[in-house]
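Take a look at the structure set out below.
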Amino acid sequence: MAKKILVVDDDPIIVKYLISLFKDNGYETCAASDGKTAYDVAVREKPDLITLDLEMPEQWGPRFYRRLSKNAALKDTPVIVISGIDGDHAIRKAVAFVRKPFDTDKLVGIVKKTIG
């Protein structure tokens, strides 16, 4: 069974690109365009990893992460922050902070190292 990645970003082009990239590398995917929706998707889908933008409408990435951290079933889900703003301090327990524009090989390498 393929590992599942939840892509959280408000830019539909980035979401589409990441979904394609992860599917091409053998992962299942699901997506959300803001933190509120992302939490509901995470509860329903129970992803193995989450890529998370910081600046989004409705609910920013750090607030989503705080909610995620309080859920016993999801709190240990690895998170890779992918953002265009400087914010590696915003989610200290993130597996990695990848700055936009990102190197796809580096990102896939981080994912493979984290969840196989």
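The values are calculated or read from the model by the stated rules, or taken from the named source; none is laboratory data. Computed from a prediction, not measured in an experiment: that's the story for all the values here. Cβ placement follows ideal geometry from the backbone for every residue including glycine, while neighbour counts extend to all protein chains displayed.
Which of the residues spanning the range 65-101 are buried (at least 16 other Cβ atoms within 10 Å of the Cβ) and within 18 Å of S20 (Cβ to Cβ)? Listed by number, the residues that qualify are I80, I82, V98. Taking the criterion of being within 20 Å of S33 (Cα to Cα) and modelled with pLDDT of 95 or more, the only residue of the range 97-116 that qualifies is L107. Of all residues in the range 22-66, which are more than 13 Å from the chain's Cα centre (by Cα) and of a type in the set (K, R)? Matches in the range 22-66: K23, K36, R44, R63, R66.
Of all residues in the range 4-30, those that are over 16 Å from G116 (Cβ atoms) and in contact (Cβ under 8 Å) with a residue 40 or more places away in the chain have Cβ atoms under 8 Å from Cβ atoms of residues that are assigned to a helix (DSSP H, G or I) and among the hydroxyl-bearing types (S, T, Y), 6 or more apart or on another chain, in L21/T104.
Every residue in the range 102-113 that is surrounded by 14 or more Cβ atoms within 10 Å (Cβ to Cβ) and without any contact (Cβ under 8 Å) to a residue 60 or more places away in the chain, please. Listed by number, the residues that qualify are F102, I110. So D48 passes all but one of these: (1) acidic (D, E); (2) farther than 24 Å from A2 by Cα; (3) touching a Lys or Arg at 6+ places or on another chain (Cβ under 7 Å). Which condition number does it fail? Result: D48 fails condition (2) only. Residue count for the range 68-110 satisfying the condition of being among the β-branched types (V, I, T), out of contact with any Gly (no Cβ under 8 Å at 6 or more places or on another chain) and assigned to a loop (DSSP other than H, G, I, E, B): 3. Identify, from the list A31, A38, A42, the residue that is part of a strand (DSSP E or B) and hydrophobic (A, V, I, L, M, F, W, C). So the residue among A31, A38, A42 that is part of a strand (DSSP E or B) and hydrophobic (A, V, I, L, M, F, W, C) is A31.
Which of the residues spanning the range 1-28 are hydroxyl-bearing (S, T, Y), surrounded by fewer than 20 Cβ atoms within 10 Å (Cβ to Cβ) and in a loop (DSSP other than H, G, I, E, B)?
Answer for the range 1-28, where residues must be hydroxyl-bearing (S, T, Y), surrounded by fewer than 20 Cβ atoms within 10 Å (Cβ to Cβ) and in a loop (DSSP other than H, G, I, E, B): there is none.
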